[in-house]
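Below is one structure, written out as structure tokens; comments come after it.
The values are calculated or read from the model by the stated rules, or taken from the named source; none is laboratory data. Bear in mind that the values here come from a model prediction, so they are computed numbers and not experimental data. Cβ atoms come from the backbone with ideal geometry, glycine included; neighbour counts cover every protein chain shown. All accessible areas refer to the heavy atoms of the entire protein, side chains included, with ligands and DNA or RNA removed. Shrake-Rupley method; radii C 1.70, N 1.55, O 1.52, S 1.80 Å.
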Amino acid sequence: MTLVAGIDSSTQSCKVIVCESDTGETVREGRAPHPDDTAVAPQEWAKALDAAMATAGGLDDVAAVSVAAQQHGMVCLDDASSVVRPALLWNDTRSADAAAELVDDLGGAGSWADAVGVVPVAAITVSKLRWLADFEPRNADRTAAVCLPHDWLGWQLAGGQDPSTLSTDRGDASGSGYFSAATDSYRRDLLSPALRGRTVQLPRVAGPAEQIGETRSGAVLGPGTGDNAAAALALDAREGDVVVSVGTSGVVSAVSAIPANDPGGFVAGFADATGHQLPLVCTLNAARVLDATASLLGVDHDELSRLALSAPCGSDGLVMVPYFEGERTPNRPRATASVHGLRLANSTPAHFAHAAIEGLLCGLAEGIDHLAAQRVTVRRILLVGGGARSRALCELAPTVFGAPVLVPRPAEYVAIGAARQAAWALAGAVEPPDWGRTPAERYEADPAPAVRQRYSKVRDLTDS
Ligand SMILES: Nc1ncnc2c1ncn2[C@@H]1O[C@H](COP(=O)(O)OP(=O)(O)O)[C@@H](O)[C@H]1O
Ligand SMILES: O=C(CO)[C@@H](O)[C@H](O)COP(=O)(O)O
């Protein structure tokens, strides 16, 4: 039996899955937590990866490995290959003003949408680099190469000596703000002004199933990719499939033939891991809304779900706008969460739990609308991520989305997608291996458009 491994170095933890390469059957898995911060030393990811690999029984018997990771994180290396400063992660909003400045510098959001299909917000790597140039010029001067979390971890697995051997893939590169998914090319002319005239080395962009090297134990290294592209690969997402992921981030994405061009900045024109496009909407507030609400109510996730399902649809007028960490879509980096419509009758833990889940889902429903406005066909909605383990979230999703929702059995789809890519690179085939489609539970419910109507009125009362 030939084994392959997939790694998901995501915001909250590192997950490793070892699979049978022909069928995708999971043989063993491991995980380890990441530090709870928005600026993290990449060495911490390497430590967590070592721990996760150890709990997965090691990778010595594995023939190929691929790394998927959280997108956008700014990893700066000096000319001795050392990390210059802790990586600023996608959910670090200190670069919000830098993003706005970059948009103005190029002549507005439409110019960025035309150039790279992405309008910079705090999350995007190019904004973080502008912040570095302005607030830490000495660190910017020391930076010889810039890469993304998956690029760095893959490079570490291969020995991590020489920055000229760094590679990335178009899926992750497209989240940088200096790579166009439509033309498959870097836009160094956008990067250098962001860095106030400095030039840096960028990773080579490998092909979707290219073998980029070998691990120390001799396993083939696949190109790796961003976590959302890996999830799409695991689910074998095709045109018409919209993947909604409720992890640390809330993500609505779809594999498409058409590059996104949204001057409104809601849809980012990313690439997938197979050569297609992956238009994507990302919110900052997703599974952690459930965590915060559960902690506020002093209950665990199962009890939160039970409470939410015991309250009526619409929470008797109670509305939560869950901008606990500011928000990325819509772009309101300094917003805070708020609760509206409190009355004695709806001041109960059950109403509060229900309103939190409806609020989270309303943000994602807006994401589905934004994708549809970019000519994405919405035929099936698939719900994944840690938050999809919540029964209440699954049951309320079709009421808020106004459409049935498929929930694949809970699994680490990002790591599975990376493993599928590793098997593809190992086989050297034209197409990824056929691992079949994951069975999914279907949730249906009467649509409740009033929930979204109330939410959108209240959302605009919040600060930005
Ligand atoms: N049963 C559950 N109900 C609700 N949320 C859950 C449940 N299990 C896990 N989560 C939440 O899912 C999140 C982790 O999801 P995950 O997709 O692994 O995140 P990430 O990939 O961003 O690290 C955590 O915030 C966790 O609390
Ligand atoms: O920024 C984005 C997508 O643009 C996020 O989706 C990150 O890629 C982090 O993912 P999770 O850790 O939440 O899965």
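Numbers for the structure displayed
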{"item": "Rounded to 10°, Cα long-axis angle of helix 413-427 versus longest principal axis of the chain", "result": "30 degrees"}
{"item": "By average C-beta atoms within 10 angstrom, highest first, the peptides 15-24, 337-346", "result": "15-24, 337-346"}
{"item": "DSSP-defined antiparallel bridges as percent of all bridges, the chain, nearest 5", "result": "70 percent"}
{"item": "Highest average packing first - 51-59, 284-292, Cβ atoms within 10 Å", "result": "284-292, 51-59"}
{"item": "Hydrodynamic radius of segment 391-464 per Kirkwood, over alpha carbon pairs, in Å", "result": "15.6 Å"}
{"item": "11 Å beta-carbon shell around Leu77, net charge (K/R +1, D/E -1)", "result": "-2"}
{"item": "Charge sum, other residues only, whose C-beta stays under 11 Å from Ser456's C-beta, Lys/Arg counted +1 and Asp/Glu -1", "result": "+1"}
{"item": "11 Å beta-carbon shell around Trp435, net charge (K/R +1, D/E -1)", "result": "-3"}
{"item": "Euclidean distance between Cα centres, segment 20-39 to segment 351-369, Å", "result": "28 Å"}
{"item": "Cross-link reach list, lysines versus Lys15, counting only Cα pairs under 23 Å and skipping chain neighbours closer than eight places", "result": "Lys47"}
{"item": "Label point distance in nm, Asp302-Glu239, each placed 7 Å from Cα along Cα→Cβ", "result": "4.5 nm"}
{"item": "The chain, accessible surface, carbon-and-sulfur percent (1.4 angstrom probe)", "result": "50 percent"}
{"item": "Bins of 5 Å from zero: percent of alpha-carbon pairs in segment 1-133", "result": "2, 10, 17, 15, 14, 13, 11, 9, 6, 3, 0, 0"}
{"item": "Helix-only mean residue ellipticity at 222 nm for the chain, each DSSP H run of n ≥ 4 adding -39500 (n - 2.57), per residue, nearest 500", "result": "-10500 deg cm²/dmol"}
{"item": "The chain: angle of helix 349-373 to the longest principal axis, Cα-based, in degrees nearest 10", "result": "60 degrees"}
{"item": "Listed peptides 307-315, 218-226, 164-172, 382-390 by packing density, highest first (mean Cβ within 10 Å)", "result": "218-226, 164-172, 382-390, 307-315"}
{"item": "Nearest 10 degrees, 0 to 90: helix 42-55 Cα axis against the chain principal axis", "result": "80 degrees"}
{"item": "Equivalent ellipsoid semi-axes, segment 3-227, via Cα gyration tensor eigenvalues times 5, rooted, Å", "result": "31, 18, 16"}
{"item": "R0 of 35 Å, Cβ-Cβ distance Leu461-Asp134: FRET efficiency to nearest 0.05", "result": "0.60"}
{"item": "The chain - Rg and Dmax from Cα coordinates, angstrom", "result": "21.1, 65"}
{"item": "Förster radius 45 Å - calculated FRET efficiency between Asp61 and Ala372, Cβ distance, rounded to 0.05", "result": "0.50"}
{"item": "Per-selection Rg to Rh, segment 294-429 - Cα, Kirkwood hydrodynamic radius", "result": "1.05"}
{"item": "Magnitude of the charge dipole, the chain, Cβ model with Lys/Arg +1 and Asp/Glu -1, debye to 20", "result": "700 debye"}
